[in-house]
Amino acid sequence: MEEKFEKRRLGTTVLEVTALGLGTTAIGGLYSATSESAAEETMDTAWKLGIRFFDSAPQYGNGMAEQRLGAFLKTKPRRDYVLCTKVGRLLRLPENPQGEDAYYKGTPPERPVFDFSYDGVMTSVEESLKRLDTDRIDVLHIHDPDNHYAQAIDGAYKALDRLRSDGTIGAVGAGMNQSEMLTEFARNGNFDCFLLAGRYTLLEQGALRELLPLCVEKNISIIIGGVYNSGILANPAAGAKFNYQDADKDLIEHALKLEAVCLRHGAPLKAAAIQFPLAHPAVATVLTGVRSPEEMIENAALFRQEIPAALWQELKAEGLISAETPTA
């Protein structure tokens, strides 16, 4: 029997997403190859656990994540799930191939090429629809336009706004590893949601200053990614990663202090990390990126584990999380 997660609305749209979603970076072979059978079993496990929100991007596995996700979702009723992907990178064969992709392993030969122009985005959408083998994408994000703000707001955003007006897509968003540019998008465009990766976690709450209050004001929903901050909140030991790089000693010490408080209250650090963002009124859902059924089962259990209010209170009292942080 399939389990269920609470559903939350994205902004002012009609879309409702499960409070826990599945991200597909690992299914696309991030850092190490994931077999097609393992990917399918992982997605099937997520579905049986009650997950109905699925996030992908052309960059993930250089198209492979979208293809695998599309093939899986083809077997499910279209009305039963919310599908998200991204624009800003077109997949093209390089003139001078340089071997395996630096980040995604066991993937097709195409490589991402930045293009946040209006026409580039329209082309990207058409190509994603083919890879996903569907006629509709629910949520489209402008993907990591860190050095391309002008083209993103003048080109990509206008393309997505038109697609939303036409009813082709249900929600316009942007996905980034920083909160500052998302704040600018919120001020200068009509966005439904943002995917914020790694910047509102148990370890880092910088988005509390501007982005999250502005999103509450404008009714923009936040989708949270990177709850473990690249691994340091999963295992805060020497060699742990933070923001995709080796974490420095101070960050590891901070994470160890967080873990000590969690253990005093009988909760794993990972459970606190995966549940922490959802207490904020701007946050609609948390994405979990997994590459195996076992990881999916573990994350779902951590997400559902009861955490005592005293744990959050002690973290605030010790100055380990912001005193302004909403907590359950």
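Data overview
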| read-out | value |
| --- | --- |
| Of residues in region 99-111 being in a loop (DSSP other than H, G, I, E, B) and among the hydroxyl-bearing types (Ser, Thr, Tyr), the one most open to solvent (accessible area, probe 1.4 Å) | TYR103 |
| Residue match in region 193-201 (condition: open to solvent by 30 Å² or more (accessible area, probe 1.4 Å), on the phi < 0 side of the Ramachandran plot, out of contact with any Asp or Glu (no Cβ under 7 Å at 6 or more places or on another chain) and not in a loop (DSSP other than H, G, I, E, B)) | no |
| Residues within region 68-98 that are buried (at least 19 other Cβ atoms within 10 Å of the Cβ) and either within 19 Å of MET122 (Cα to Cα) or touching a residue at least 60 places away in the same chain (Cβ under 8 Å) (or both), tallied | 12 |
| Of the criteria (1) touching a helix residue (DSSP H, G or I) at 6+ places or on another chain (Cβ under 7 Å); (2) within 30 Å of GLY106 (Cβ to Cβ); (3) not β-branched (Val, Ile, Thr); (4) not in a helix (DSSP H, G or I), which one ALA267 fails | (2) |
| Single residue of region 170-193 satisfying the filter (free of Cβ contacts under 8 Å to residues at least 40 places away in the same chain and over 20 Å from GLY226 (Cβ atoms)) that is nearest to the chain's Cα centre (by Cα) | VAL172 |
| Residue selected from region 206-224 under the condition part of a helix (DSSP H, G or I) and among the small types (Gly, Ala, Ser), by the criterion surrounded by the most Cβ atoms within 10 Å (Cβ to Cβ) | ALA207 |
| Criterion (buried (at least 16 other Cβ atoms within 10 Å of the Cβ), of a type in the set (A, V, I, L, M, F, W, C) and part of a loop (DSSP other than H, G, I, E, B)) met by exactly one of LEU233, LEU302 | LEU233 |
| Conditions (1) free of Cβ contacts under 8 Å to residues at least 40 places away in the same chain; (2) in contact with a helix residue (DSSP H, G or I) (Cβ under 8 Å, 6 or more places away or on another chain); (3) under 20 Å from THR13 (Cα atoms); (4) surrounded by 15 or more Cβ atoms within 10 Å (Cβ to Cβ); number of the one not met by GLY120 | (3) |
| Where GLU295 falls short, out of the listed (1) within 24 Å of the chain's Cα centre (by Cα); (2) in contact (Cβ under 8 Å) with a residue 24 or more places away in the chain; (3) open to solvent by less than 20 Å² (accessible area, probe 1.4 Å) | (3) |
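The values are calculated or read from the model by the stated rules, or taken from the named source; none is laboratory data. Here the structure is a predicted model, which means the values were calculated and not measured. Please note: Cβ atoms are built from the backbone with ideal geometry, for glycine as well, and neighbour counts cover all protein chains shown. These area figures cover heavy atoms from the full protein model, side chains too; ligands, DNA and RNA do not enter into them. Shrake-Rupley method; radii C 1.70, N 1.55, O 1.52, S 1.80 Å.
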